[in-house]
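These notes are about the structure you will find just below.
Any read-out appearing in this document is the output of simple, stated calculations on the displayed coordinates, not a laboratory observation. All of these numbers come straight from a predicted model, not from anything done at the bench. Here the Cβ is made from the backbone with ideal geometry for all residues, glycine too, and neighbour counts use every protein chain on show.
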Amino acid sequence: MKFILGTKTNMTQVFDDKGIVHPATVIKAGPLTVTQVKTASGKDKYSAVQVGFGSRAAKNINKAMKGHMKEGNYAYVREFRTEGDPAFAAGDSIDLSTFAAGDKVTVSAVSKGKGFQGGVKRHGFKGGPRSHGQKHSEREPGSLGGGGRDGGRVAKGKRMAGRMGGDRITTKGLTVVAVSPETGEIFIRGAVPGRRGTLVEVKGQ
């Protein structure tokens, strides 16, 4: 199984061998350090690889994580499930060498936070009518109470205005258009969730 962690850098254009331009997101990825290996036959009862990425000041890491990570002050620690027992050992390094142009990947990241938004922006409501006799109703959500159906209350899960963004988004079926192991960059076709600097998980399909 292929996987890597990185941070979103920016978007650019990549030309392929046929001269076709592809919009691509640049991700500064790896190297990762294996911090723990879990096996189905061990006490964890499932197979996974836990990796550390990035670095941060030791004063910002609690004692439990310091003991777990031993000598590495990693900014992020993530775990990837594997189908069988992983062929890694604690301390191994993982880089971009396993990825190549044309690979299909699944990308996960936290989307941009947009703050408190109305129903039109958050859920795509069409708003009220613009006809004569309507006043200040262009972006109103309309009736919210359920009447007899919901007992005169606002039902749970009702689409309304509220905090938007800041959710973990997973996008499947994206394509790697280029890999640059020298600079530690991987170019993924299309847009990737998050702002610049967002942690991005890339897994091969």
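Mean separation of Cα pairs under 8 Å and 6 or more residues apart, divided by the residue count, gives the chain a relative contact order of 31 percent.
Using the rule -39500 (n - 2.57) for each DSSP H run of four or more residues, divided by the residues of the chain, the 222 nm mean residue ellipticity is -1500 deg cm²/dmol.
Cβ-Cβ distance of ALA90 and THR183, R₀ of 35 Å, FRET efficiency by 1/(1 + (r/R0)^6): the value works out to about 0.80. The stretch between LYS112 and ALA75, if pulled fully straight at 0.36 nm per residue, gains 11.3 nm over its current Cα-Cα span.
Using the average count of surrounding beta-carbon atoms within 10 Å as a protection proxy, the listed peptides 157-163, 26-32, 43-49 rank, highest first, as 26-32, 43-49, 157-163. Maximal additional length on extending the MET1-LYS172 stretch stands at 60.0 nm, based on 0.36 nm per residue less the C-alpha distance.
Of all lysines in the structure, the ones whose alpha carbon falls short of 17 Å from that of LYS112, not counting any fewer than 8 places away in one chain, are LYS8, LYS121. In this rough spin-label picture, where each label sits 7 Å from Cα along the Cβ direction, the ASP17-ALA155 distance is 5.5 nm.
Of the listed pairs LYS45/LYS156; LYS135/LYS156; LYS38/LYS59; LYS2/LYS45, which have alpha-carbon separations greater than 26 Å here? Too far apart for the 26 Å limit: LYS45/LYS156; LYS135/LYS156; LYS38/LYS59. The alpha carbon gyration tensor of segment 116-165 gives principal lengths a ≥ b ≥ c with a/c of 1.5 or higher and a/b no greater than b/c, which makes the shape oblate. Given in Å, the Rg to one decimal and the Dmax to the nearest whole number for the Cα atoms of segment 21-139 are 23.1, 72.
Model label points for ALA58 and GLN205, set 7 angstrom from Cα along the Cα-to-Cβ axis, are 4.4 nm apart. Taking Rh as the Kirkwood radius computed over C-alpha pairs, what is the Stokes-Einstein D of the chain at 37 °C in a medium of viscosity 0.692 mPa s, expressed in µm² per second? Reported coefficient: 161 µm²/s.
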